[in-house]
1. Only helices (runs of 4 or more DSSP H) wholly contained in the stretch 102-178 count here; list those with 2 or more residues that are within 15 Å of I342 (Cβ to Cβ), among the β-branched types (V, I, T) and touching a helix residue (DSSP H, G or I) at 6+ places or on another chain (Cβ under 8 Å).
2. Just the residues that are surrounded by 24 or more Cβ atoms within 10 Å (Cβ to Cβ), among the aromatic types (F, W, Y) and under 19 Å from the mean Cα position of the chain (by Cα), please, taken from the stretch 90-128.
3. Name every residue in the stretch 32-76 that is modelled with pLDDT of 80 or more, farther than 15 Å from I287 by Cα, assigned to a helix (DSSP H, G or I) and not acidic (D, E), in order of residue number.
4. Does G334 qualify as being at pLDDT 85 or above and either crowded, with 21+ Cβ neighbours inside 10 Å or polar (S, T, N, Q) (or both)?
5. Based on this model, can you work out whether L182 counts as hydrophobic (A, V, I, L, M, F, W, C), modelled with pLDDT of 75 or more and under 20 Å from the mean Cα position of the chain (by Cα)?
6. Quick one: how many residues across the stretch 410-453 are part of a helix (DSSP H, G or I), farther than 12 Å from Y489 by Cα and aromatic (F, W, Y)?
7. Quick one: count up the residues across the stretch 420-447 that are buried (at least 18 other Cβ atoms within 10 Å of the Cβ), over 18 Å from P497 (Cβ atoms) and among the aliphatic types (A, V, I, L, M).
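The values are calculated or read from the model by the stated rules, or taken from the named source; none is laboratory data. No experiment lies behind these values; they were computed from the predicted model shown. Because the Cβ atoms are built from the backbone with ideal geometry, glycine has one as well, and the counts that use them run over all protein chains shown.
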Amino acid sequence: MRVKAFLRSLRIKDEGGPSPNRWINNDIKPIEAERRTWGFWTFHNFWVLINSNISSYMTGSSLIALGLTWWQAIISIVIGQVIATALVVLNSLPGAYYHLGFPVVNRYVWGMYGSTFVILNRILLSIVWYGFQAWIGGECVYVCLQAIWPDLESRIPNHLSPSTGTTIANFLGYIIFMLISLPVIYVRPHKLKNLFYGSAATILIFELVLLIWSLATMGSGGFGSTISGSASSSNGESSGWIIAFGIISTIGSISAGILNQNDYARFARRPKDAVWGQLISFPFYAIICSVIGILVTAATQERYGGAMWNLPTLLSAVIENGGSRSRAASFFGGAALVISQIGVNVPGFDMAATFPQYINIRRGAYLTALLSIACNPWKLVNTATTFLAVLSSYSVFLGPMTGLMISSYFVINKRKIKVDDLFVGDSSSIYWYTCGLDWRAAVAWVCGTVPSLPGFVAYVSPGISVPTGLTHLYYICFLSGLAISAAVYCTFHWLFPVTAVRDFVDTAPPAPVLMREYRERWDGVETESDQKA
């Protein structure tokens with residue numbers, strides 16, 4: 001009895017939407033007009049923030065550290081970002097038109113219960129991603145502290161083992177960043193516009209100032225081997241395959257955003273705001289930021305005796321090799337990066353769909369932040385190889401999931417979604433499939449994932465040897481996994497069609513009419529069909 005009473009006390013209170021149950025609460029229902037507040041400039045500034053952050057900067061410069069020449073790295077970045085842009089826009093359309101979030105969209109892909117598998121995978125990724133970004137934010141806080149107290153490491157003696165890859169002073173910066181982020185993640189997404197505006201302006205100004213400073217003070221040493229040197233792959237691979245790996249790593253750096261972009265697109269005032277706001281800003285700022293990373297790394301290489309691809313490390317070097325002006329500049333640079341990282345780290349969407357009776361976006365955000373500490377994020381940022389392995393590992397598992405979502409929406413459902421049935425947890429829902437699971441999606445995902453696993457294991461564990469072909473398949477894992485899963489999924493739905501889904505798609509009104517009817521219904525306005533009924 002005490003347990004039941006305790007669980008009842010944890011239940012989400014009525015927030016003005018539908019009564020929370022296993023399948024719905026106010027945070028995961030279709031977004032009504034009052035909360036659809038994101039216009040073109042909101043999406044524009046969102047992607048300025050996401051694609052101008054430290055991760056994008058490090059993607060470009062860490063490709064140099066991996067062994068690519070500057071022009072090979074830029075080729076990888078441009079191709080990767082163009083492909084990523086197309087996938088972001090395509091995969092965000094259910095959110096833009098039906099105003100559904102990522103967890104709910106996957107109910108028509110995987111089934112009512114089957115979608116839990118995707119959500120749990122995305123939650124795990126969110127935890128790792130939040131921890132990763134929070135650690136980078138902590139490094140930026142460390143820069144601010146170091147600018148004030150250059151002898152910070154001696155002031156805070158380190159008692160951690162060298163195997164941890166960090167010090168107590170670094171860890172203190174991480175904890176401070178986590179604490180100052182807590183008030184921000186309390187804010188609901190449709191109210192984050194001002195944060196995006198301020199953070200986007202801050203990071204853009206900082207990166208332009210950083211580029212001008214690095215080029216203006218480069219000196220006679222020039223760009224060093226970062227620009228003038230030739231490609232030198234550490235594992236003997238040809239430059240073509242390393243470029244391919246660079247392309248997939250570029251896509252991998254934003255693969256989580258590709259997968260769950262419906263969580264943001266659902267807040268669009270109009271569908272075209274989401275489409276054009278992403279189509280224009282996404283590739284431009286991602287490419288510019290990565291190129292800035294390459295140029296700054298090259299311009300500072302001779303000065304500091306090596307390519308410093310980690311931006312906080314570069315700012316620390318400025319402090320250690322300069323005077324009071326350098327310390328002041330580094331402090332404000334670190335503060336700008338802290339603001340940017342706070343804007344990037346907005347968790348909680350997927351947690352809200354696991355137990356809608358008990359978890360909303362706010363509770364999910366705080367759970368994500370708490371659990372992220374367990375993933376040891378300080379281990380993920382130490383080397384370029386580890387950093388790229390983290391990015392590409394996302395692609396192994398998320399590429400096939402993305403392929404399923406895009407093919408289900410466009411090919412199987414032909415953009416026609418029976419929204420009401422996405423919140424019905426029994427066999428009366430056309431998306432119930434087989435006991436709540438669409439086995440076609442599960443098999444297709446496995447088919448898209450398994451071919452890339454041997455190469456992935458060999459890459460992160462160099463002692464393990466696999467055939468060269470499997471290694472190369474891993475280098476293009478996002479695209480190969482996406483294509484394989486999409487093809488298998490569509491083939492199974494053609495061979496073993498779901499009668500209820502097929503009948504709905506064949507008899508429902510045209511997709512634009514259906515979208516408008518559902519939108520008006522959730523907005524509380526009767527449609528013409530309702531009036532006739």
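1. 115-148
2. Selection gives F102 alone.
3. Within the stretch 32-76, A33, R35, F40, W41, T42, F43, N45, F46 qualify.
4. Details: at pLDDT 85 or above: yes; either crowded, with 21+ Cβ neighbours inside 10 Å or polar (S, T, N, Q) (or both): yes.
Criteria met by G334.
5. Considered against the rule, which asks whether it is hydrophobic (A, V, I, L, M, F, W, C), modelled with pLDDT of 75 or more and under 20 Å from the mean Cα position of the chain (by Cα), L182 comes out as yes.
6. Our first condition is that a residue be part of a helix (DSSP H, G or I); within the stretch 410-453, this holds for 410-412, 419-423, 439-453.
So of that shortlist, the ones also farther than 12 Å from Y489 by Cα come out as 410, 419-423, 449-453.
Add one more test, that the residue is aromatic (F, W, Y), and what stays is 410, 423.
Number satisfying all stated conditions: 2.
7. Total satisfying the criteria: 1.
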